[in-house]
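One structure is given below, encoded as structure tokens.
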Amino acid sequence: MQSGIYTYPGTGRVIYGIDFAQAIADEVERVDARRVFVLAGGTLARETDVVRRMKAALGDRFAGLHAGIGAHTPRSDVVAAANAARAVSADLLLTVGGGSITDAAKMVCICLGNDITDPAQLDALRTITDADGKTVRPSFIPPSVASVVIPTTLSAGEFSAAAGCTDTERQVKESYFHPQAIPRTVILDPAVTLHTPEWLWLSTGVRAIDHAVEDLCAINSKPFSDATSYHALRLLGSGLRACKADPSNLAARLDCQLGAWMSIIGTSAGVTKGASHGIGHVLGGTGGVPHGYTSCVMLPHVLRFNFPVNAERQAWVSEALGRRGEPAADVVATLIAELGMPQTLRDVGLKEDLLDLIAQNAMHDRLIHTNPRKIDGPATVRQLLDAAW
């Protein structure tokens, strides 16, 4: 007989299929925000009319703009944005962009609540995982400002209270967590995503597939998230193929957005992931590999590694992706190939001399230690990296 506790995520509202400018205007009026500070992706700010439309929707509630967040959310960029938001007395953060921007929003909110004005101060707030898997999450003051997020990729970090932030001096991506850091409102407008480069849209879609797969196969899976993960795979499997065939297909893009939302419901409720995410974090922070690409190259190999301990769960993955009875690793790898995404670490430009360091650093990621099949140490991680090489 099953038993457990399911905790609902802290997201207040998800607005989907509605023009983002109208959604913004309605939302800031609803919460009576007066000083809205905007975080935007640099390319969106420079080369599209998205930020201009955001400013118009905000009117005299617009308090400022920061468009200088780098890939993997560097500490220095986060603190610079927080200092700028503090200088204008922001009472709401509004973002548009990919996963690095979304994580920056959570980090800025944390910085504002804890009076962080220098990157070094973040040391006291980071989650620390020892090589043996012991994880310590320090307590700190809740964010003092909420965020409204308009994602342009499918990484789905907007539905999580955890943020990844990179210490560029040590080349390590670290985790920060506070339950109130989760964005208050998420706006899913497929039209905004037309500006997203195809490789980024499709690869982060694979990242969302990775969320759903590792939640469905988790050591502490839950009935509710089993259902959302399964449906997420159905939406993403068909939606990503349709986007590849016709990038202007807004209905398919919205299916992908809804699938990404459902893919991370388990994570938001405490379901743990495994080695694809754990290794992926280090490939990003240490090796500079984009989020989505890490899932493209690692997920099939992690599925093969885990098959002896969760074959029944993996059968659900194959079924949800329309290939019942076939090995999940092969089904996922075939989909990645159909989307034209990279399939090896060489394909994503990783330097071979980093493999040992990545294997060592991965043991300090808590998700390595919740992988369904036990990972004994760096040598096992290295075997997975070699398989993906």
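Report whether or not residue 282 is over 20 Å from residue 154 (Cβ atoms) and hydrophobic (A, V, I, L, M, F, W, C). Answer is yes for this residue.
For the range 51-65, the tally of residues that are crowded, with 18+ Cβ neighbours inside 10 Å and either free of Cβ contacts under 8 Å to residues at least 12 places away in the same chain or among the small types (Gly, Ala, Ser) (or both) stands at 2. Say whether the condition of being within 21 Å of the chain's Cα centre (by Cα) and closer than 22 Å to residue 266 by Cα is met by at least one residue in the range 87-99. Yes.
Output yes when any residue across the range 246-253 is in contact with a Lys or Arg (Cβ under 9 Å, 6 or more places away or on another chain), assigned to a helix (DSSP H, G or I), surrounded by 19 or more Cβ atoms within 10 Å (Cβ to Cβ) and of a type outside the set (D, E, K, R), and no when none is. There is at least one residue in the range 246-253 that is in contact with a Lys or Arg (Cβ under 9 Å, 6 or more places away or on another chain), assigned to a helix (DSSP H, G or I), surrounded by 19 or more Cβ atoms within 10 Å (Cβ to Cβ) and of a type outside the set (D, E, K, R).
Within the set 133, 68, the sole residue that is in contact (Cβ under 8 Å) with a residue 40 or more places away in the chain and farther than 14 Å from residue 35 by Cβ turns out to be 133.
For first residues located in the range 364-382 and more than 15 Å from residue 304 (Cβ to Cβ) and not assigned by TED's automatic domain parsing to the domain that holds residue 129, partners that are assigned to a loop (DSSP other than H, G, I, E, B) and aliphatic (A, V, I, L, M) and lie 6+ apart or on another chain with Cβ distances below 7 Å form the pairs 364/131; 368/375; 370/219; 377/363; 378/363. Within the range 127-146, is even one residue part of a helix (DSSP H, G or I), in contact with a Phe, Trp or Tyr (Cβ under 9 Å, 6 or more places away or on another chain) and assigned by TED's automatic domain parsing to the domain that holds residue 80? Among the residues of the range 127-146, not one is part of a helix (DSSP H, G or I), in contact with a Phe, Trp or Tyr (Cβ under 9 Å, 6 or more places away or on another chain) and assigned by TED's automatic domain parsing to the domain that holds residue 80, which makes the answer no. Is one or more of the residues making up the range 348-364 within 19 Å of residue 273 (Cα to Cα), part of a loop (DSSP other than H, G, I, E, B) and under 23 Å from the mean Cα position of the chain (by Cα)? Checking the range 348-364: at least one residue is within 19 Å of residue 273 (Cα to Cα), part of a loop (DSSP other than H, G, I, E, B) and under 23 Å from the mean Cα position of the chain (by Cα).
Candidates in the range 1-50 are the residues that are of a type in the set (Lys, Arg) and in contact (Cβ under 8 Å) with a residue 12 or more places away in the chain; of these, the one that is nearest to residue 151 (Cα to Cα) is 13.
Being touching a Ser or Thr at 6+ places or on another chain (Cβ under 8 Å), assigned to a helix (DSSP H, G or I), farther than 17 Å from residue 331 by Cα and modelled with pLDDT under 95 is true of residue 267. Looking for something surrounded by 13 or more Cβ atoms within 10 Å (Cβ to Cβ), touching a Pro at 6+ places or on another chain (Cβ under 7 Å) and not hydroxyl-bearing (Ser, Thr, Tyr) - is there at least one such residue anywhere in the range 33-40? Checked against the condition, which is being surrounded by 13 or more Cβ atoms within 10 Å (Cβ to Cβ), touching a Pro at 6+ places or on another chain (Cβ under 7 Å) and not hydroxyl-bearing (Ser, Thr, Tyr), the range 33-40 yields no hits at all. Looking at residue 1, is it buried (at least 23 other Cβ atoms within 10 Å of the Cβ) and of a type in the set (A, V, I, L, M)? The answer is no for residue 1. As a summary of the residue check, residue 221 satisfies the conditions (1) out of contact with any Asp or Glu (no Cβ under 8 Å at 6 or more places or on another chain); (2) assigned by TED's automatic domain parsing to the domain that holds residue 298; (3) at pLDDT below 95 except for the one numbered (1). Among the conditions (1) crowded, with 24+ Cβ neighbours inside 10 Å; (2) closer than 24 Å to residue 289 by Cα; (3) not acidic (Asp, Glu), residue 200 misses just one, which is (1). Candidates in the range 103-151 are the residues that are over 29 Å from residue 371 (Cα atoms) and touching a strand residue (DSSP E or B) at 6+ places or on another chain (Cβ under 7 Å); of these, the one that is surrounded by the fewest Cβ atoms within 10 Å (Cβ to Cβ) is 146.
The values are calculated or read from the model by the stated rules, or taken from the named source; none is laboratory data. Only a predicted model underlies this, so the values are computations on that prediction, with no experimental measurement involved. Quick reminder, even Gly has a Cβ in these numbers, built from the backbone with ideal geometry, and neighbours come from all protein chains shown.
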